[in-house]
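Bear in mind these aren't lab numbers, they're just calculated from the coordinates by the rules spelled out. From a predicted model like this one, the values you see are computed outputs, not experimental measurements. When we count neighbours, we look across all protein chains shown, and the Cβ atoms used for this are built from the backbone with ideal geometry, even at glycine.
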Amino acid sequence: MAKLKLISFKICPFVQRSVILLKEKNIDFDIAYIDLSEPPEWFLALSPTGKVPLLQVDDKILFESTIISEYLDEVNPPSLHPSDPLEKAQNRGWMEFASSLYMVFFKIMMSKTKEAGAEIILEANKQLNTLEKVKINEPWFNGDKFSMMDISIAPFFMRLAFLKQHFNLDLLEGKPNLQAWSDIVMGRKSVINSVVDEFEDILLMRIKGAESFLSLT
C-alpha cells in the first residue's frame, strides 16, 4: 500500500476536504503543516505551483485539491460519487460551485470596512440562495448516501458556524435546507476530526492581523 503524506497549512479548507475523505475511508496517512508566509525550501522543491495542498504518494507528488480528492476516491473504493454518470457530472459541477464559496469566506474575513464586508456578504447570500434551491434531498446532498459533494461543502459550513459563534454573522439564516444540511454535516465524525485543535484560534488571529471589520463588531 502506498505511503500517503498531505502537506498544507493549518486552516486550509481544501486540504480539510482530503482529510475528511481519508478519515471516511479509514486510510492511514501523515500530514505536515507549513508556514505559507515562509515556505521551506523542501516544499518549494516539491510543489510545481508553490501552493498547497500537496499529496505525496510514496515518492510521487499530486497537486491541486480536486485532483488529490478524486485520486483518493478512485483508488480507495467504494467511490463516494454517485454511480450514475450524469448525476456524478452534476455533483462535480456543484463541487466547483462550492469551491467558489471559500473565496467568498476569505473576502469576508479580510474586508477592512463594514461597507466592503456588506458587499461580500450580499454576494455570499446570492450564491447560498442558489444552493438553497438546489438542496432538496435529505439528509445528504444526494439523499441517503454521504458523498463527495457533502465533503466538498463541509469546511465551508464549519467556517460559517465559526462566523456565527464569534461574530454573530449567520449566513444560513432564512435558508432551512442549507441549515439542516450544515447541522448533519457538522455532526459527522470525520468532519469534526478534520481540523487541528487550535483551528478557531488561528482563524481569530488571522482576522485580527488583517484588521478585518469583523474584529470591530
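Tabulated data for the structure shown
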item	result
Antiparallel DSSP beta bridges within the chain, as percent of all bridges there, nearest 5	70 percent
Violating pairs (Cα-Cα greater than 29 angstrom) within the set K25/K107; K5/K114; K23/K208; K88/K133	K25/K107; K5/K114; K23/K208
Chain lengthening between H166 and A32 when straightened (0.36 nm per residue, less Cα-Cα)	45.5 nm
Label point distance in nm, I61-D84, each placed 7 Å from Cα along Cα→Cβ	4.1 nm
Sequence-distant residues sharing a close amide H with S194 (under 5 Å, placed H)	none
R0 of 25 Å, Cβ-Cβ distance M186-Y71: FRET efficiency to nearest 0.05	0.45
Rough spin-label spacing in nm, given labels placed 7 Å along Cα→Cβ, for S100 and N177	1.7 nm
Listed peptides 135-146, 75-86 by packing density, highest first (mean Cβ within 10 Å)	135-146, 75-86
Rounded to the nearest 20 debye, dipole of the chain from Cβ charges on Lys, Arg, Asp, Glu	280 debye
